[in-house]
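Below: the structure, in structure tokens.
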Amino acid sequence: MNLGSVLSAMPGAAPVTGLASAWRWSPNPMFTFTAALSTDGRHNLQVNVRGRYDEALVAALLAHARAHDDTFVGKGRPLVAVGGFHHDGTEFDTVGAATAEVHGYHANDNPELSAVTYAVFPAYAGEISGRENEEEAWGRFRKMLQPNKLDRAEVPFVKMRYDNTRTRSMSKGDARGFAPLDTLVRELELLDGAPGSFVEWENRHGTVWRVDSTGDTLELTHDATREPVLPGQLHTVARTSVQ
């Protein structure tokens, strides 16, 4: 397959200004797809955008991904964060890259193209660990991160489990699962006055925090230390822990 020929022949494809071997096309008014060849010319780096399109931002994402594609192309990791990104007018500081098993781009119309395509998207450092397995990467990419939006808010990496004796709410099983940061904050706020309850969570580095409610006090365990914590401190603890 001549990858350049395939991409440049997409219906309505046009070259991207300022980025070599890159093309943009719109399958419908809602979506804009932009693809660039990898450094080796054998892989497709593609940004899919829904809604507002910013060609300068997309070109910057692809240029950054291409400059660092040796960190993810062929490495076998389903979801990767490429740090060090900066573009004026946006707070994104990272470029995400996902494999075909995760993104599904071109899977129905051109499986051969899909297999060599990496989904590239704007991201934040606190969102991706790089240790996600395929199932976790699929869930993060398709259900939580909204990778096709150029104006999305940050979705920090949070894996948690909890049990609240007062609300009778709890997570399923013993493993920590992905959750929105707002869910973590809410469950921490509900610990006060719920003896025997706990919330345990993990950030992208694999660092674990836990807060237990004894009824009279709340106790925070982190880095093998256990200390009292005030209910009013938990909001800050949660948000700083996932940065």
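Only helices enter this figure: runs of n ≥ 4 DSSP H residues, each worth -39500 (n - 2.57), summed and divided by the residues of the chain, yield -5500 deg cm²/dmol at 222 nm to the nearest 500.
Taken about its Cα centre, the chain carries a charge dipole of about 480 debye when Lys and Arg each add +1 at the Cβ and Asp and Glu each add -1 at the Cβ.
The mean sequence distance of close C-alpha pairs (under 8 Å, at least 6 residues apart), as a share of the length of the range 39-160, puts its relative contact order at 30 percent. Dipole size of the range 43-187 about its Cα centre, with +1 on Lys/Arg Cβ and -1 on Asp/Glu Cβ: approximately 640 debye, rounded to the nearest 20.
Reported to the nearest whole Å, the Cα centre-to-centre distance from the range 229-243 to the range 152-187 is 14.
With contacts taken as Cα pairs under 8 Å at a separation of at least 6 residues, the range 49-99 carries a relative contact order of 32 percent. Taking the range 105-134 and a reference point 7 angstrom along Cα→Cβ of D223, no backbone N atom is nearer than 12 Å. Straightening the chain between K75 and S5 buys 22.7 nm, computed as 0.36 nm per residue apart minus the Cα-Cα spacing. Projecting the Cα atoms of Y118, M144, G130 onto the dipole axis of the range 114-162, where Lys and Arg carry +1 and Asp and Glu carry -1 at the beta carbon, places M144 farthest toward the positive end. Just the number, please: percent antiparallel of the DSSP beta bridges in the chain, rounded to the nearest 5. Bridges in the chain that DSSP calls antiparallel: roughly 95 percent. About the centre of its Cα atoms, the range 20-72 shows a dipole size close to 200 debye [charges on the beta carbon of Lys, Arg (+1) and Asp, Glu (-1) only; nearest 20 debye]. Computed across the chain, the Kirkwood radius stands at 19.5 Å (inverse of mean 1/r, all Cα pairs). Along Cα→Cβ, 7 Å out, is where each label goes; now give me the distance between the ones at T183 and A14 in nm to one decimal. Each label point is offset 7 Å from its Cα along the Cβ direction, giving 4.2 nm. Per-residue accessible area (protein heavy atoms, 1.4 Å probe) orders K172, K149, K143, K75 as K172, K143, K75, K149, starting from the largest.
The values are calculated or read from the model by the stated rules, or taken from the named source; none is laboratory data. Note that the coordinates shown come from a computational prediction; the quantities given were computed from them, not determined experimentally. For neighbour counting, all protein chains shown are included, and Cβ atoms are generated from backbone atoms with ideal geometry for every residue, glycine included. Note: areas computed on protein heavy atoms with side chains; ligands, DNA, RNA excluded. Shrake-Rupley method; radii C 1.70, N 1.55, O 1.52, S 1.80 Å.
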